[in-house]
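Peer 1: One structure follows; several queries about it will come next.
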Number of protein chains: 2
Amino acid sequence: MAQSLPDDQASKLDSAIRDLIINYHELNATVIDELYEEPSALEFMQYVARNRPFVVRKGAEDWTAVQKWDSHYLLSVLGDSLVNVAITPFGNADAVLKEDDGSLSYVKPLERLEPFDKVIRYISEQESNQEKATPIKYAQTQNDNLRNEYSSLFEDVPSDIPFARIALRKNPEAVNFWLGNSLSTTSLHKDNYENIYVQVRGQKHFVIMPPVAAAAVNEQSISGTTYTSTNGDEEAELKVEDLKHTLDEPELIVPVPTWDPDFPDVRSTPYSELVKPLRVTLNEGDMMYLPAQWYHKVEQSCGDEGYCCAVNYWYDMEFGGSFWASNAFARDIARAVNN
Amino acid sequence: MAQSLPDDQASKLDSAIRDLIINYHELNATVIDELYEEPSALEFMQYVARNRPFVVRKGAEDWTAVQKWDSHYLLSVLGDSLVNVAITPFGNADAVLKEDDGSLSYVKPLERLEPFDKVIRYISEQESNQEKATPIKYAQTQNDNLRNEYSSLFEDVPSDIPFARIALRKNPEAVNFWLGNSLSTTSLHKDNYENIYVQVRGQKHFVIMPPVAAAAVNEQSISGTTYTSTNGDEEAELKVEDLKHTLDEPELIVPVPTWDPDFPDVRSTPYSELVKPLRVTLNEGDMMYLPAQWYHKVEQSCGDEGYCCAVNYWYDMEFGGSFWASNAFARDIARAVNN
């Protein structure tokens, strides 16, 4: 049976949540560490232990991928092979969408297989001609696609990240390839992975926040929906108005952060203003360590040829110790107080 | 102004605390890892990152201290040099004491300088003749005494623990020497140090619990008191009835765990029964890593010569990252709910 708390317990609870975020920021820098060479496995483990991010500027500049992945090369390797593409009206895959009635939906993209040559041309042309709104395409299945769909490109990147493999004592769970343009945004979310992210073409603009920001991000349980096409002709190029999102069946309820640090007054909590998001831009050849369970929102700028391309390595996070359990606790307390 | 929480928030809070402890135990072994050789710096860092303890059985058996520290040798090195001794009526230094009116005090020992030869003889004789209650002595100042008071013994131990120094990138903050008998108990508490503990003579019996046990240990803010002698003759050997404890001036309020896992029904909280304490006994030559902020209670058995002797290395814990802040949060929430 539910019990009510005495008055001063509510205020102690409020102070505890504030102190968690304030203490964290007092004990940690509000800028990201910048390294100029890869860390050793031990140095990396020291970052993992503190769950703190870093960037290695030009850490991947010698990679074949960074040297070679212009459109001519990509087309020569992939040609018209079919690749998975996420299609949305506003570049909003896996995002929170406000419905006309004010309620929130979590919206997933329409996924289609399309010939690679057509996809990269579409992405580049859209980048250079944004006057007319057209659906936004992003090749980003995040399902280990660089070792599957794009395996002909896999020899251009290291098969794993040695300092991470040695420190974490495991091979990457997934190696992902990303190709899109500046119209796509990755909404604020977090992953249960240690993430090594390498920018190959264009720039990525990250806004990142540590797991203790749980009470600030206003996580809510939202109904999942998916974009589908209302155009009966499956061969026709889609228009924005062809894309409608409908409730998933069976019903899917997803816990989603609904606050966006770039719109700090919208869907904020009393704790949002306490958080100090870190901002970092990755340039071509830069490598970033994004620690497990950090909230991140990602925008991008294109390279010379009108597309952004990146690769990332996901290593399963450690669920042992207290890190995962403590973060789940902070989220549970945040939800008890915020909702 | 204090606010009250709706009923279902109180029950969500209760569930969150339960889940923190339950999740931790589901994700972690309830026995301590046993190693048979020292870890590398990287392996140690993996333990530090998970904040998980281990024992290296016979990890210190080659140390000069373990080879040599019988009473003959100790007496030959230290003779009658003055050493600090903690004196209590019941072996209860830094412990919770229940007063006649039911209130709790936190009691610190009487500290005296006495000649080493007299101290070790007292400790051994008391161990073999416990019929008559006499004050209990424990040489355990925990103030880096092995590099100060007992510096003539320091050459018998490594000056630091290489795997810890390399992984933590620092030298030990303190190296401590402990000499007592089975009548002394170290009450449940935690330290802000990474602790490498080596048993030299006798056995130590640890009961340890991870920091997520905060809601189980019933931490309370208790008035500090200190034992003093009512015997005007400072040269006389003290009797139990000479020791009285009085409130510290100025008043000192100490946050202290008041639950004891060996008396699980006394001063328990609704969360105490969820915790699974680990129990480990160190034998002569064993080395243990006790991670920062683990609650520990320690009892001991004497070696052949009627004393227990140990050495430990304290390395400052890392306050960066989320570990310290998350543990403080769990304690704050526990106190909001328990008190």
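Values quoted throughout were computed directly from the atomic coordinates according to the rules given, and no laboratory measurement underlies them. A quick note: this is a predicted structure, and the numbers were derived from the prediction, not measured. Glycine also receives a Cβ, built like all others from the backbone with ideal geometry; neighbour counts cover every protein chain displayed.
Peer 1: Which distances in nm, rounded to one decimal and ordered from shortest, link the label point of residue B:115 to the equivalent label points in the other identical copies, with labels set 7 Å from Cα toward Cβ?
Peer 2: Here the equivalent label points are 10.0 nm apart from this one.
Peer 1: Rank B:178, B:153, B:312 by how far each Cα sits towards the positive end of the charge dipole of chain B (+1 on Lys, Arg Cβ; -1 on Asp, Glu Cβ) and give me just the farthest.
Peer 2: B:312
Peer 1: Taking R0 as 22 Å, what FRET efficiency do you get between residue A:304 and residue A:111 from their Cβ-Cβ distance, rounded to the nearest 0.05?
Peer 2: Efficiency for this residue pair is about 0.20.
Peer 1: Another question about this same structure. How big is the charge dipole of the protein assembly as shown about its Cα centre, in debye rounded to the nearest 20, if each Lys and Arg gets +1 on its Cβ and each Asp and Glu gets -1 on its Cβ?
Peer 2: 0
Peer 1: Right, next: Between B:119, B:217, B:198, which gets the highest mean-square fluctuation from a Gaussian network model of chain B, Cα cutoff 10 Å?
Peer 2: Of the options given, B:119 has the highest mean-square fluctuation.
Peer 1: Here's a follow-up. Would you be so kind as to identify which of B:133, B:195, B:252 lies farthest towards the positive end of the dipole of region B:6-338, taking Lys and Arg as +1 and Asp and Glu as -1 on Cβ and the Cα centre as origin?
Peer 2: Farthest towards the positive pole: B:195.
Peer 1: Averaged over peptide B:20-27, how many Cβ atoms belonging to another chain are found within 10 Å of each residue's Cβ?
Peer 2: Per-residue shielding by partner chains comes out at 5.
Peer 1: From the Cα trace of region B:150-277, what convex hull volume per residue do you get, rounded to a whole Å³?
Peer 2: With only Cα atoms used, region B:150-277 gives 194 Å³ per residue.
Peer 1: Relative to the other copies, what are the label-point distances for residue A:30, with labels 7 Å from Cα along the C-beta vector, expressed in nm at one decimal and sorted shortest first?
Peer 2: Distances between equivalent label points, in nm: 4.5.
Peer 1: Report the convex hull volume per residue for the protein assembly as shown, counting only C-alpha atoms, in Å³.
Peer 2: Once divided by residue count, the hull of the protein assembly as shown is 172 Å³.
Peer 1: Nearest 500 deg cm²/dmol is fine: what mean residue ellipticity at 222 nm does chain A get from its DSSP H runs of n ≥ 4 alone, each adding -39,500 (n - 2.57), divided by its residue count?
Peer 2: -7500 deg cm²/dmol
Peer 1: Name the residue farthest towards the positive end of the dipole of chain B from the options B:91, B:228, B:264, assuming +1 on Cβ of Lys and Arg, -1 on Cβ of Asp and Glu, about the Cα centre.
Peer 2: Of the options given, the answer is B:264.
Peer 1: Counting pairs of alpha carbon atoms under 8 Å apart in space and at least six apart in sequence, what relative contact order in percent does chain A give?
Peer 2: 26
Peer 1: Per residue of B:327-335, how many C-beta atoms from partner chains lie within 10 Å of its own C-beta, taken as a mean?
Peer 2: 6
Peer 1: Next question. Using a Gaussian network model of chain A with C-alpha springs under 10 Å, which one of A:92, A:129, A:145 is most mobile by mean-square fluctuation?
Peer 2: In the Gaussian network model the winner is A:129.
Peer 1: Hey, got the dipole for region B:1-159? About the Cα centre, +1 on K and R Cβ, -1 on D and E Cβ, debye to the nearest 20?
Peer 2: So the magnitude is around 160 debye.
Peer 1: Which FRET efficiency, nearest 0.05, do residue B:36 and residue A:247 yield, Cβ-Cβ r, R0 56 Å?
Peer 2: 0.45
Peer 1: Oh, and also: Using θ = phi - 60° and the Karplus curve 6.51 cos²θ - 1.76 cosθ + 1.60, what whole-Hz ³J(HN,Hα) does each residue of region B:218-232 get, with Gly and Pro shown as x?
Peer 2: Going residue by residue, I get 6, 4, 9, 8, 10, 6, x, 9, 9, 6, 10, 9, 8, 8, x Hz, with x marking Gly and Pro.
Peer 1: Work out Dmax and Rg for region B:7-78 from the C-alpha atoms and quote the Rg first, both in angstrom.
Peer 2: Cα only, region B:7-78: 21.2, 68 Å (Rg, Dmax).
Peer 1: Quote the FRET efficiency, to the nearest 0.05, computed for residue B:155 versus residue B:283 with a Förster distance R0 of 22 Å and r equal to the Cβ-Cβ distance.
Peer 2: It comes to 0.40.
Peer 1: When the Cα atoms of chain A are enclosed in a convex hull and the volume is divided per residue, what value in Å³ results?
Peer 2: 156
Peer 1: Another one. Quick one: which residues, 5 or more positions from residue B:219 or on another chain, have an amide H under 5 Å from its amide H? H modelled 1.01 Å from N in the peptide plane, none for Pro or chain starts.
Peer 2: Those lying under 5 Å, H to H, from residue B:219 are B:258.
Peer 1: Roughly how many debye, to the nearest 20, is the charge dipole of chain B about its Cα centre, given +1 on each Lys and Arg Cβ, -1 on each Asp and Glu Cβ, and no other charges?
Peer 2: About 780 debye.
Peer 1: Label points 7 Å out from Cα along the Cβ direction at residue B:191 and residue A:82: separation in nm?
Peer 2: Those two pseudo-labels are separated by 6.4 nm.
Peer 1: Follow-up question, since we're still on this one. Order these by the 10 Å Cβ neighbour count, fewest first: B:32, B:253, A:21.
Peer 2: Arranged by neighbour count, lowest to highest, B:32, B:253, A:21 become B:253, B:32, A:21.
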